[in-house]
1. Identify, by number, the condition in (1) outside any strand (DSSP E or B); (2) surrounded by 14 or more Cβ atoms within 10 Å (Cβ to Cβ); (3) touching a Phe, Trp or Tyr at 6+ places or on another chain (Cβ under 7 Å); (4) not hydrophobic (A, V, I, L, M, F, W, C) that S29 doesn't meet.
2. In this structure, does H34 turn out to be of a type outside the set (G, A, S), touching a residue at least 40 places away in the same chain (Cβ under 8 Å) and either touching an Asp or Glu at 6+ places or on another chain (Cβ under 7 Å) or surrounded by fewer than 16 Cβ atoms within 10 Å (Cβ to Cβ) (or both)?
3. Among what's in the range 1-39 and is among the small types (G, A, S) and more than 22 Å from K82 (Cα to Cα), pick the residue that is farthest from the chain's Cα centre (by Cα).
4. Give G71, G17, G66, G90 a once-over and let me know the one that is at positive phi and surrounded by fewer than 20 Cβ atoms within 10 Å (Cβ to Cβ).
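Coordinate-derived values only; no laboratory data. All values reported here derive from a predicted model rather than from experimental measurement. Positions of Cβ are backbone-derived with ideal geometry, glycine not excepted, and every protein chain shown enters the neighbour counts.
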Amino acid sequence: MFKHINAQDLADKLKNGDVTVVDIRDQNSYFSGHITSAKPLDNSNVADFIANTDHEQTVVVCCYHGNSSQGAAQYLAEQGFKDVYSLDGGFEVWKVVQPDWIEANV
């Protein structure tokens with residue numbers, strides 16, 4: 001079962017370096033701006049992510065508004081990840097309350 005996390009709590013986890021953030025938005029949105037250190041995750045790479053990521057590692061799923069990430073977080077929990085979160089409000093909230101934790105690929 002996945003849990004919910006808000007932007008401030010995720011920022012605290014990022015400062016401590018004990019979290020993997022995955023971004024399930026489309027590629028253009030991801031490259032335009034994403035949470036610092038977030039990895040893009042979609043159907044093309046989810047199997048590799050599951051196979052190559054420590055299932056004990058905390059994983060936070062980010063989408064646009066915090067809706068789609070819930071389904072993805074539940075899926076990862078069902079694949080054996082022990083500590084999975086959905087980011088409440090998604091990237092739309094994150095970019096407002098944590099603008100210093102955004103990077104873009106140009």
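1. (3)
2. Values: of a type outside the set (G, A, S): yes; touching a residue at least 40 places away in the same chain (Cβ under 8 Å): yes; either touching an Asp or Glu at 6+ places or on another chain (Cβ under 7 Å) or surrounded by fewer than 16 Cβ atoms within 10 Å (Cβ to Cβ) (or both): yes.
Yes: the conditions hold for H34.
3. Residues of the range 1-39 that are among the small types (G, A, S), as a first pass: 7, 11, 17, 29, 32-33, 37-38.
Now drop any that are not more than 22 Å from K82 (Cα to Cα), which leaves 29, 32-33.
Details: S29: 14, S32: 16, G33: 13 Å.
So, considering only residues that are among the small types (G, A, S) and more than 22 Å from K82 (Cα to Cα), the one farthest from the chain's Cα centre (by Cα) is S32.
4. Working: G71 fails: at positive phi; G66 fails: surrounded by fewer than 20 Cβ atoms within 10 Å (Cβ to Cβ); G90 fails: surrounded by fewer than 20 Cβ atoms within 10 Å (Cβ to Cβ).
Matching residue, one of G71, G17, G66, G90: G17.
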